[in-house]
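Visitor: The structure's right below; bear with me while I get my questions together.
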Amino acid sequence: MPELPEVETIARELNARLSGRSILHVRVVRGDVLRGAFKDDLEHQCRGRRIERVWRRGKTAIISLSGGWHLLIQPRFTGAVLVDDAPASRRSETEPGESMELTLHVEPYAPADPYSVIEWELADGGRFRYRDVRRLGTVTLADDAALAHYCARIGVEPLDPEFAPDRLSGLLRGSRLAIKKALMDQRIVAGVGNIYANEALWRAGIDPSRAARALRRDEVERLHEALVTTLRASVLARGTTFRDYRDPSNRAGGFAAQLHAYGRGGEPCERCGTRLAETHAIDGRTTVFCHRCQH
Ligand SMILES: [Zn+2]
């Protein structure tokens, strides 16, 4: 599932490509990913609105529209937001009075996609769409109040300045979870899932099964540093590609080559050469760690 760096990559790219553009109309092909709205509500509330900005909270990409409405997109396993822009040349070739719809109909600029779930046509002739092979992701329509309520339930953003070692220390002291589960608890820290919890704990040299509240001050500082460094590096690399994750330009993320623990069970630890162990005992997910240098 996309975590903070992947969703941040999606949001930044969508913001660059979509903000300032206006929605002409919406076509809901499959309504089962919708939350907080029926098909007709979504079509009605999006129509004619301007896209103000696209941003991220936790693992959710948020498309904020004019008039205080928001689209909350959680891609989860196979979801993606793709922007299909009509080539600029084709747009400029369209003479005044000529029907853009007819032009596009005669010569479609993107092939029909059987996994397209919701399609937003833009006033300038472009289009963006939510695509999801398994349709386990969600698209939620929220007004300002619903968005505020949603955001208030999510923990601190680890790339915000307020996420200092003291803050992390306080959060972990109040938790009864294993440190790996605490890092992945969205009410404690936003956006961290299995990949970046495994990576941060390996980098910090901390055993993922230890009680969060039992970490010493120096260990919390190491973990804080490891988490922030890992997330920042992954954002720079446009995230980690796994399964069907693609950014809005259909590009893969490049962070997989920089992973030290996640996906490397059975391989030698890059720090001490010991074979990395795999367990599902902590949270049912695959935890990869080094017996010898994670304490
Ligand atoms: Zn090791």
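No value in this document is a laboratory result; all are computed from the given coordinates. Bear in mind that the values here come from a model prediction, so they are computed numbers and not experimental data. Virtual Cβ from ideal backbone geometry, glycine too; neighbours counted across all protein chains shown.
Visitor: Scanning for something touching a strand residue (DSSP E or B) at 6+ places or on another chain (Cβ under 7 Å) and of a type in the set (A, V, I, L, M), does segment 190-200 turn up at least one residue?
Guide: Scanning segment 190-200 turns up at least one residue that is touching a strand residue (DSSP E or B) at 6+ places or on another chain (Cβ under 7 Å) and of a type in the set (A, V, I, L, M).
Visitor: Those residues that are over 15 Å from Ile206 (Cα atoms) and within 10 Å of the ligand (Cβ to nearest atom), I need them from segment 260-269; list them, please.
Guide: Pro268
Visitor: Which residues, counting only those in segment 276-295, are closer than 15 Å to Gly205 by Cα, more than 9 Å from the ligand (Cβ to nearest atom) and surrounded by 14 or more Cβ atoms within 10 Å (Cβ to Cβ)?
Guide: Hits for segment 276-295 are Ala277, Thr287, Val288.
Visitor: Another question about this same structure. Could you check, for segment 65-74, whether at least one of its residues is surrounded by fewer than 19 Cβ atoms within 10 Å (Cβ to Cβ), in contact with a helix residue (DSSP H, G or I) (Cβ under 8 Å, 6 or more places away or on another chain) and at positive phi?
Guide: Checked segment 65-74: at least one residue is surrounded by fewer than 19 Cβ atoms within 10 Å (Cβ to Cβ), in contact with a helix residue (DSSP H, G or I) (Cβ under 8 Å, 6 or more places away or on another chain) and at positive phi.
Visitor: Moving to a separate point now. Does Ala226 qualify as being within 25 Å of Ser169 (Cα to Cα), within 16 Å of the ligand (Cβ to nearest atom) and of a type in the set (Gly, Ala, Ser)?
Guide: Taking the combined requirement at face value, the residue satisfies it.
Visitor: Out of segment 1-33, which residues are in a strand (DSSP E or B) and in contact with a helix residue (DSSP H, G or I) (Cβ under 6 Å, 6 or more places away or on another chain)?
Guide: Within segment 1-33, Ile23, Val26, Val28 meet the criteria.
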